[in-house]
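The values are calculated or read from the model by the stated rules, or taken from the named source; none is laboratory data. Bear in mind that the values here come from a model prediction, so they are computed numbers and not experimental data. Glycine gets a Cβ as well: all are built from the backbone with ideal geometry, and neighbour counts include every protein chain shown. Side chains are part of the model used for accessible areas, which takes the heavy atoms of the whole protein and leaves out ligands, DNA and RNA. Shrake-Rupley method; radii C 1.70, N 1.55, O 1.52, S 1.80 Å.
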Amino acid sequence: MNLAKLTSAGQVTVPVEIRRILKLKTGDKILFIQNEAGTVTIENASVSAIRKAQAAFGGVAEELGNPSEEEIQSWVNEIRYGKDEQD
(Lines give C-alpha, C1' and ligand atoms only; values in the text may rest on other atoms or scores of the structure.)
Protein backbone atom coordinates (compact mmCIF):
# COMPACT_ATOMS: atom_id res chain seq x y z
CA MET A 1 0.00 0.00 0.00
CA ASN A 2 1.20 3.52 -0.81
CA LEU A 3 0.23 6.73 0.95
CA ALA A 4 0.18 10.25 -0.50
CA LYS A 5 -0.69 13.58 1.10
CA LEU A 6 -3.12 16.08 -0.44
CA THR A 7 -1.87 19.68 -0.46
CA SER A 8 -4.08 22.72 0.14
CA ALA A 9 -4.00 23.25 -3.65
CA GLY A 10 -5.51 19.78 -4.17
CA GLN A 11 -2.26 18.30 -5.49
CA VAL A 12 -0.91 14.83 -4.77
CA THR A 13 2.53 13.39 -5.46
CA VAL A 14 2.09 9.95 -7.01
CA PRO A 15 4.44 7.58 -5.17
CA VAL A 16 7.42 6.40 -7.24
CA GLU A 17 6.32 2.74 -7.05
CA ILE A 18 2.91 3.65 -8.53
CA ARG A 19 4.55 5.81 -11.24
CA ARG A 20 6.67 2.81 -12.22
CA ILE A 21 3.68 0.45 -12.30
CA LEU A 22 1.66 2.87 -14.45
CA LYS A 23 4.72 3.82 -16.53
CA LEU A 24 4.11 7.50 -15.78
CA LYS A 25 6.60 10.21 -16.64
CA THR A 26 6.60 13.96 -16.21
CA GLY A 27 3.73 15.57 -18.09
CA ASP A 28 1.63 12.41 -18.42
CA LYS A 29 -2.07 12.58 -17.66
CA ILE A 30 -3.85 10.18 -15.36
CA LEU A 31 -7.47 9.09 -15.28
CA PHE A 32 -9.48 8.72 -12.09
CA ILE A 33 -12.15 6.08 -12.64
CA GLN A 34 -14.94 5.34 -10.18
CA ASN A 35 -16.66 1.95 -10.40
CA GLU A 36 -20.22 1.07 -9.37
CA ALA A 37 -19.10 0.27 -5.82
CA GLY A 38 -17.57 3.74 -5.46
CA THR A 39 -13.94 2.58 -5.54
CA VAL A 40 -11.67 4.97 -7.44
CA THR A 41 -8.72 3.69 -9.48
CA ILE A 42 -6.12 5.56 -11.50
CA GLU A 43 -4.76 4.73 -14.93
CA ASN A 44 -2.19 6.18 -17.28
CA ALA A 45 -4.44 8.09 -19.74
CA SER A 46 -2.20 7.32 -22.73
CA VAL A 47 -2.16 3.59 -22.07
CA SER A 48 -5.91 3.60 -21.52
CA ALA A 49 -6.50 5.39 -24.83
CA ILE A 50 -4.29 2.92 -26.71
CA ARG A 51 -6.14 -0.05 -25.18
CA LYS A 52 -9.50 1.44 -26.17
CA ALA A 53 -8.28 2.05 -29.73
CA GLN A 54 -6.93 -1.48 -29.98
CA ALA A 55 -10.26 -2.89 -28.81
CA ALA A 56 -12.16 -0.70 -31.28
CA PHE A 57 -9.98 -1.85 -34.18
CA GLY A 58 -9.87 -5.49 -33.10
CA GLY A 59 -10.49 -7.79 -36.04
CA VAL A 60 -10.26 -5.07 -38.70
CA ALA A 61 -6.99 -6.40 -40.16
CA GLU A 62 -8.53 -9.82 -40.62
CA GLU A 63 -11.62 -8.29 -42.25
CA LEU A 64 -9.33 -6.44 -44.69
CA GLY A 65 -7.37 -9.59 -45.53
CA ASN A 66 -4.35 -8.82 -43.31
CA PRO A 67 -2.85 -6.03 -45.46
CA SER A 68 0.89 -5.37 -45.41
CA GLU A 69 2.39 -2.22 -43.89
CA GLU A 70 2.96 -0.92 -47.42
CA GLU A 71 -0.73 -1.37 -48.31
CA ILE A 72 -1.79 0.41 -45.13
CA GLN A 73 0.65 3.27 -45.79
CA SER A 74 -0.72 3.52 -49.33
CA TRP A 75 -4.29 3.86 -47.96
CA VAL A 76 -3.14 6.50 -45.46
CA ASN A 77 -1.39 8.46 -48.22
CA GLU A 78 -4.45 8.24 -50.43
CA ILE A 79 -6.63 9.65 -47.66
CA ARG A 80 -4.10 12.31 -46.60
CA TYR A 81 -2.82 13.44 -49.97
CA GLY A 82 -5.34 12.08 -52.47
CA LYS A 83 -2.67 9.89 -54.03
CA ASP A 84 -0.80 6.64 -53.57
CA GLU A 85 2.66 8.08 -52.89
CA GLN A 86 4.17 9.90 -49.95
CA ASP A 87 4.73 13.65 -50.09
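I'd like the full set of residues that are at pLDDT 85 or above, surrounded by 10 or more Cβ atoms within 10 Å (Cβ to Cβ) and of a type outside the set (S, T, N, Q), limited to the range 42-74.
42, 43, 45, 71
Between residues in the range 40-56 that are closer than 21 Å to residue 25 by Cα and residues that are part of a helix (DSSP H, G or I) and open to solvent by less than 60 Å² (accessible area, probe 1.4 Å), which pairs lie under 9 Å by C-beta distance while being six or more apart or on different chains?
Between residues of the range 40-56 that are closer than 21 Å to residue 25 by Cα and residues that are part of a helix (DSSP H, G or I) and open to solvent by less than 60 Å² (accessible area, probe 1.4 Å), the close pairs are 42/18; 42/22; 43/22; 44/22; 47/22.
So residue 34 ticks every box in (1) surrounded by 11 or more Cβ atoms within 10 Å (Cβ to Cβ); (2) under 20 Å from residue 2 (Cα atoms); (3) polar (S, T, N, Q) but one. Which box is left unticked?
That leaves (1) as the condition not met.
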